[in-house]
Amino acid sequence: MDEHQQQPSAEKLIRILAFTMILSSMSATMFNIVLPEISKDFQLSFSQVSWVASIYMLIYAIGSVIYGKLADTYKLKNLLTIGLLIFFVGSVVGLSAQAYWMVLLGRILQASGAAVIPATAMIIPVRYFPAEKRGRALGVTATGLAIGNAIGPVISALMVSVFHWRWLFFIPLIILITLPLYRKYLGDEQGRGARIDWLGGGLLAGTVALLLLALTQSKWLLGLGSLLFLLLFIIRIRSAKEPFVQPRLFRNKGYTIGLIVGMLVMSVGYSLPFLTPQLLADVNGLAPGWIGFIMVPGAVITAFLGGRGGKLADTRGTAYLFYAASSCSSSASPYCQHSPESLRYSLCCS
């Protein structure tokens, strides 16, 4: 497709994608605020209720890789159709949940469908934007992600102050209005038909799942099981013709270091929005409404800087962006220790 022909649809697609990212990230973060309420309703321990968030992120992460590989074989518009419909079914299951297992099933289905969105967020900028404009396109999607993180706690707080927490499953259904737009503007490009290493993907998922179980249930045997699955996964990717993850990627030191740093940053980035509502509810005794508003400032700052980060990456490079972000994070750390409690939580979640 010629660049001048694709550019109008590319601009429309990136706006639709940003809106989709807002709703997707809202779905991931809204439930963090109501975990104490879910725990009370079903008489759950902290480790048990944590699976509402953990299982979503686990399937979301593995699923995004699978959808990315499927996009090499199938049309992206068809994958989006399947993913968003699965997401719809999960929302309906969660909305009608009368038992904890139904809540988890709803979240599993939601994550299984929503995982198509981050894969799409990486594919559209590459397929529809020239190299010199991809940073801006990625910045737009990052801004959508951050806006969803910002308004998710507010929407959650407002909803639970009027309705039952189950109605949080209803809000993501709005995402279905984007489906006909994707089918209109996405092309019919198909990849080379690569095979998917389902065994490798299963071993990776098992590694992470057993690690989460070991951490939440404090059972060392599960930790050993996670190490065993990790060993089998390494053996698998080194022997498979088309492995789930290409082992040669890890021979690139820059990539490996970036992966480790990214893992550490994302671990903190996702743990704070999960742990902070628990702390504010259990220690400070705050209602979900107040918890939601305390979580907002950090996410608003992230949303404000998201688009600018993409432009900086285009003009000055990713190394400059990394050092600037690291400096800001390091500068905020002392305030997280000595600021008043409400300000401390807002700063540390930014």
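Every number here is computed from the coordinates shown, using simple stated rules; none is lab data. None of these values were measured; they are calculated from a predicted model. Positions of Cβ are backbone-derived with ideal geometry, glycine not excepted, and every protein chain shown enters the neighbour counts.
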For the range 151-211, rounded, prolate or oblate, judged on the Cα gyration tensor with a ≥ b ≥ c (square roots of eigenvalues), a/c < 1.5 rounded, else prolate if a/b > b/c? oblate
Short version: ³J(HN,Hα) in whole Hz for each residue of the range 47-59, in order, from phi by Karplus 6.51 cos²θ - 1.76 cosθ + 1.60 (θ = phi - 60°), x for Gly and Pro, what are they? 5, 5, 5, 5, 5, 4, 8, 5, 5, 5, 5, 4, 5
Straight-line reach check, Lys40, cutoff 28 Å on alpha carbons, 8 or more apart in-chain or any other chain, hits among lysines -> Lys219
Leu181 versus Ser327, label points 7 Å from Cα toward the beta carbon: distance in nm? 3.7 nm
Proximal lysines to Lys69, defined as alpha-carbon separation beneath 20 angstrom and excluding residues fewer than eight positions away on the same chain: Lys77, Lys241
Using a Cα-Cα cut-off of under 22 Å, which lysines could be cross-linked to Lys133, ignoring same-chain neighbours fewer than 8 residues away? Lys12, Lys311
Order of Arg166, Arg15 from fewest to most other C-beta atoms within 10 Å? Arg15, Arg166
